[in-house]
Amino acid sequence: MNKINYYHSLIFFNLCILLSAFEFLRDNSLLILSLFLILSLGISHGALDHIKGKKLLKLLNYKSTSTFYILYVLVGLSVILLWFLFSKILLLIFLIVASYHFGKEDTVFSFKRKFLISECLFFLKGSSVIVAPLLLQRNATNEIFRILNFNVFDSAVFSDQFLIALLCISFLSSLYISNKKNNNLKGIMIMDFSSLIILNFFLTPILAFTLYFCFLHSIRHSIALI
């Protein structure tokens, strides 16, 4: 399994290097292509949630799968309602949860520390998905947030120095998580981080995230469930 994940990261890393060489991709979001990929590979990734739901029900000694589906739908409806009432707060919570999710799900080996320590490390590791476009594609990323009525750079906290520091901490978190692991697992963490940097340095934020989400995160999630 580790070899499969290693070669997956290696192929994706080389794909990122290859795509960075195409000049037309640097100023083109390819929104239609991004939409197609999200509606195919991206939705397939989310459509596997019921498998995790069954595992959760088994863990809680619940036999009725309808309970999971009802709660799942209610959570979705609640998010839509809360968005209209507290959009900025909800977006901030979403980014925090997304960082933790990306950090944990993209870690392909077991890592356990004392309560909250591992969770914080997963959050810091996954924060690179959010921080990289903010730092490397500042104007384009801020424009996306402005559409959502959320100006990230209104706050002096999000300075270049802060984002660089957070990105470095994210990388160090990846190294710490893979500490005492074999070279293949260390290589996965380094290649995944490097792929994110390459994508966000050369490509537009939407295209960069689409490629990461569909071809690294979603495929890895599917492999893990299989």
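Summary of values
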| read-out | value |
| --- | --- |
| Residue list for the range 157-167, filter: loosely packed, with under 12 Cβ neighbours inside 10 Å and either under 20 Å from I89 (Cβ atoms) or touching a Leu at 6+ places or on another chain (Cβ under 9 Å) (or both) | V157, D160 |
| Complete set of residues in the range 178-204 that are of a type in the set (A, V, I, L, M, F, W, C) and either open to solvent by 30 Å² or more (accessible area, probe 1.4 Å) or under 17 Å from the mean Cα position of the chain (by Cα) (or both) | I188, M189, I190, M191, F193, L196, I197, I198, L199, F201, F202, L203 |
| All helices (runs of 4 or more DSSP H) inside the range 180-226 with 2 or more residues being touching a residue at least 40 places away in the same chain (Cβ under 8 Å) and either of a type in the set (F, W, Y) or under 18 Å from N28 (Cβ atoms) (or both) | 183-202, 205-212 |
| Boolean, L56 is touching a residue at least 12 places away in the same chain (Cβ under 8 Å), in a helix (DSSP H, G or I), over 17 Å from T204 (Cβ atoms) and open to solvent by less than 90 Å² (accessible area, probe 1.4 Å) | yes |
| Among the residues listed as F22, F36, the single one being surrounded by fewer than 17 Cβ atoms within 10 Å (Cβ to Cβ), closer than 28 Å to G76 by Cβ, aromatic (F, W, Y) and at pLDDT 80 or above | F36 |
| Selection count where residues are under 20 Å from Q137 (Cα atoms), of a type in the set (A, V, I, L, M) and part of a loop (DSSP other than H, G, I, E, B), scope the range 1-44 | 2 |
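The values are calculated or read from the model by the stated rules, or taken from the named source; none is laboratory data. On a predicted model such as this, the values are computed, not experimentally measured, just so you know. Counting neighbours? That spans all protein chains shown, and the Cβs are built from the backbone with ideal geometry, glycine included. The area values use the complete protein model at the heavy-atom level, side chains included, leaving out ligands, DNA and RNA. Shrake-Rupley method; radii C 1.70, N 1.55, O 1.52, S 1.80 Å.
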